[in-house]
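Participant: One structure, pasted below without further comment.
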Amino acid sequence: MRFLYNANPQGMYIGATFFALFGIMYASKARKTPKDAVAVPIQAMPAQIQRPYFKRLLWVCIILFPILTGIIAFILYPLKTGAVQSAMVPEPFAMLYENFGFWPTVLSIPALQIFCCAVCVYRLRKCESETPHNAN
């Protein structure tokens, strides 16, 4: 499967640089982690720890998905109007655009946002129902 649709070498170098920086940051964090540390899934944590995690995740979804929608629409609109012959987008969007067109591709991102936000809200409500309330 192709990762980028009509990728140019400069974009590949920039992408490789970001992946290398992420790898260096991850390796640095891994060295600082104690050897006896145990990774616990978020669902196994107490509700007091889960609540801030899902609140942050909800805000990330609310902020980043519209930005991604705008970026993909900005890249694909000239291709739709015929102003350019090709565009460089990640493979899932290229596949959607080739098979379904402009609007289904652009609207797939808000659909995914609705799903992610619904999961976060569901988990937040579950955390609130598991948290004992004080009877003051």
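Participant: Any residue at all in the stretch 64-76 that is free of Cβ contacts under 8 Å to residues at least 24 places away in the same chain and small (Gly, Ala, Ser)?
Facilitator: yes
Participant: If you check ALA87, ALA47, ALA73, ALA94, which single one turns out to be farther than 30 Å from PRO132 by Cβ and in contact with a Lys or Arg (Cβ under 9 Å, 6 or more places away or on another chain)?
Facilitator: Working: ALA87 fails: in contact with a Lys or Arg (Cβ under 9 Å, 6 or more places away or on another chain); ALA47 fails: farther than 30 Å from PRO132 by Cβ; ALA73 fails: in contact with a Lys or Arg (Cβ under 9 Å, 6 or more places away or on another chain).
Unique residue meeting the criteria: ALA94.
Participant: In contact with a Cys (Cβ under 6 Å, 6 or more places away or on another chain) and touching a residue at least 40 places away in the same chain (Cβ under 8 Å) - does that describe any residue in the stretch 79-90? Don't jump to the end; show me each part of the working.
Facilitator: Looking only at the stretch 79-90, we keep the residues that are in contact with a Cys (Cβ under 6 Å, 6 or more places away or on another chain), and these are none.
No, the conditions are met nowhere in the stretch 79-90.
Participant: Are any residues in the stretch 108-136 under 17 Å from the mean Cα position of the chain (by Cα) and without any contact (Cβ under 8 Å) to a residue 12 or more places away in the chain, and if so, which ones?
Facilitator: ALA111, ILE114, PHE115, ALA118, VAL119
Rule-based calculations on the coordinates, nothing more; no lab input. Remember, it's a predicted structure, so these values are computed and weren't measured experimentally. All Cβ positions, glycine included, derive from the backbone under ideal geometry; neighbour counts span all protein chains shown.
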